1. I want to confirm something. Restricting to segment 1-24 and keeping residues that are of a type in the set (Val, Ile, Thr) and modelled with pLDDT of 75 or more, which single residue is nearest to Val50 (Cα to Cα)?
2. If you go through segment 97-136 one residue at a time, how many are open to solvent by less than 30 Å² (accessible area, probe 1.4 Å) and in contact with a Gly (Cβ under 8 Å, 6 or more places away or on another chain)?
3. Taking into account only those residues within segment 64-79 that are on the phi < 0 side of the Ramachandran plot and within 15 Å of the chain's Cα centre (by Cα), which is modelled with the lowest pLDDT?
4. Within segment 93-114, restricting attention to residues that are in contact (Cβ under 8 Å) with a residue 12 or more places away in the chain and closer than 12 Å to Gly148 by Cβ, which residue is farthest from the chain's Cα centre (by Cα)?
5. I'd like to know if segment 139-155 contains one or more residues that are outside any loop (DSSP other than H, G, I, E, B), open to solvent by less than 30 Å² (accessible area, probe 1.4 Å) and modelled with pLDDT under 90.
6. What number of residues within segment 117-135 are under 15 Å from the mean Cα position of the chain (by Cα) and part of a strand (DSSP E or B)?
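The values are calculated or read from the model by the stated rules, or taken from the named source; none is laboratory data. Treat the numbers as computed from the prediction; the structure is a model and nothing was measured. When we count neighbours, we look across all protein chains shown, and the Cβ atoms used for this are built from the backbone with ideal geometry, even at glycine. The accessibility values were calculated without ligands, DNA or RNA, using every heavy atom of the protein model including side chains. Shrake-Rupley method; radii C 1.70, N 1.55, O 1.52, S 1.80 Å.
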Amino acid sequence: VTNAVGEINYTHVENNDPLLWNAWDGLITRNSNLHSFFKKSRNKPDITTVFVDTYNYWLGTELGLIQISKAGFFYFNKDSISFPWGIIEDPNGNMIVADFLNGLYSIDPDQTLKALSKESRWYFHPCKDEKGRIYLYKETEIYQLESGKLKLIPELTNHHSGFTACLYLF
């Protein structure tokens, strides 16, 4: 959704109110777990992506990735994940993080970080089908991630070659 100040993003939250937010103004709907992490001024880093799994909120920011659980938070700094644009959970409970600058990563439930790809320009909105396969957008290419392996999908890449920064599964 776009308004006078830019894009408003919707993030679904199971058994709770959804989140409406944008990178410039922060959190639009009230959520006490996240409210203080969203920016109130231009001196804080922009939020680039939000994902909610069973136990955590995940925030991608211009300066790194933040995991916020019921017990506290865990921060992946700019040396590990510097510019996360997309976050999704795989069927094994690993978080898949698409970093625009440094590659594609998997984070297991113990916070162990594994690089899946060192290529840059991974974009927003990864999605998952009913079989648990994850689809990711990298600049002008669409990939499928299944069992930790990336596979280019040429028919989708060629059909949607003009797309930038968006991928949704219906």
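1. Thr11
2. 7
3. We begin by selecting, within segment 64-79, every residue on the phi < 0 side of the Ramachandran plot; these are 65-71, 73-79.
Applying the additional criterion that residues be within 15 Å of the chain's Cα centre (by Cα) yields 65-68, 75-76.
Details: Leu65: 84, Ile66: 83, Gln67: 84, Ile68: 82, Tyr75: 69, Phe76: 72.
The selected residue is Tyr75.
4. Here is the first cut: in segment 93-114, the ones in contact (Cβ under 8 Å) with a residue 12 or more places away in the chain are 93-109, 111, 113.
Filter again for closer than 12 Å to Gly148 by Cβ, leaving 94, 96, 104-106, 108.
Values: Asn94: 13, Ile96: 8, Leu104: 11, Tyr105: 11, Ser106: 12, Asp108: 15 Å.
Filtering first and then ranking leaves Asp108.
5. yes
6. Applying the first criterion (under 15 Å from the mean Cα position of the chain (by Cα)) to segment 117-135 yields 120-128, 134-135.
Now drop any that are not part of a strand (DSSP E or B), which leaves 122, 127-128, 134-135.
Residues meeting the conditions: 5.
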